[in-house]
Amino acid sequence: MDIFLSGTNAVTEDGKLFNVDASGNRVGAMFVGPKKTIVVAGVNKIVKDLEAAEKPVREWAAPQNAKRLNRKTPCVETGVCGDCSSPDRICNIYVTLGKKPSRTDVAVILVGENLGI
Ligand code: SF4
């Protein structure tokens, strides 16, 4: 694959990407395989640091995504993360990209508006 286009869950102010994935297919494809990965993110994805990155994912994005994907998880019912053990859980793999992977070029395009959840 030459180019993989993706969003991201968070971009830290010091340039790290943070992503939470269910099966790993998205984060795996972001960093292993393509010659170039292009990540497009709205300003709403910028967070101060890695500590601040997980909170909006667990409190907002993951419950919204679970609902969108019609998962049977507690957060779909309550709207908040219960750190579930459901077979339908979507928050299984936490990946931080600290620097450019050795075999994949990564470009991050920040868009000056809110994009995605
Ligand atoms: S851990 Fe479970 S309850 Fe929490 S956001 Fe993820 S899927 Fe929802």
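The values are calculated or read from the model by the stated rules, or taken from the named source; none is laboratory data. It should be emphasised that the depicted structure is a prediction, and the values quoted were computed from it without experimental measurement. All Cβ positions, glycine included, derive from the backbone under ideal geometry; neighbour counts span all protein chains shown. Ligands, DNA and RNA are excluded from the accessible area calculation, which covers all protein heavy atoms including side chains. Shrake-Rupley method; radii C 1.70, N 1.55, O 1.52, S 1.80 Å.
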- request: Could you work out which residue, out of 78, 37, 12, moves most in a Gaussian network model of the chain, that is, has the largest mean-square fluctuation with Cα springs under 10 Å?
  value: 78
message: Keeping every protein chain present and rolling a 1.4 Å probe, give me the accessible area per residue for segment 16-71 in Å².
response: 52
message: Ignoring ligands, DNA and RNA, please state the percent of accessible area on the chain from carbon and sulfur, probe 1.4 Å.
response: 53
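What does the C-alpha gyration tensor say about the overall shape of the chain? Classify as rounded when a/c is under 1.5, otherwise prolate if a/b is larger than b/c, or oblate.
Details: a/c = 1.99, a/b = 1.50, b/c = 1.32.
The shape class here is prolate.
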- prompt: So how do 47, 32 rank on accessible area, 1.4 Å probe, biggest first, that is with the largest at the start?
  reply: 32, 47
In Å², nearest 10: area of residue 105 left accessible to a 1.4 Å probe: 60
query: Which order do 85, 23 take when ranked by solvent-accessible area (1.4 Å probe, heavy atoms of all protein chains), largest first?
result: 85, 23
task: Please express the Cα-Cα pair-distance distribution P(r) of segment 2-67 as a list of whole percents, one per 10 Å bin, running from 0 to the bin with the greatest distance.
output: 21, 51, 27, 1
Neighbourhood charge, 15 Å Cβ-Cβ cut-off, centred on residue 77 and excluding it, Lys, Arg +1 and Asp, Glu -1: +3
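In the neighborhood of residue 107, defined by Cβ-to-Cβ distances under 11 Å, what is the net charge if each Lys or Arg adds +1 and each Asp or Glu adds -1?
+1
Before anything else, pin down the relative contact order of the chain: Cα pairs under 8 Å, at least 6 apart, normalised by residue count, whole percent.
Details: 212 pairs, mean separation 44.3, N = 117.
38 percent.
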- request: Excluding residues fewer than 8 places away in the same chain, name every one of the aspartates and glutamates whose C-alpha is closer than 15 Å to that of residue 100.
  value: 14
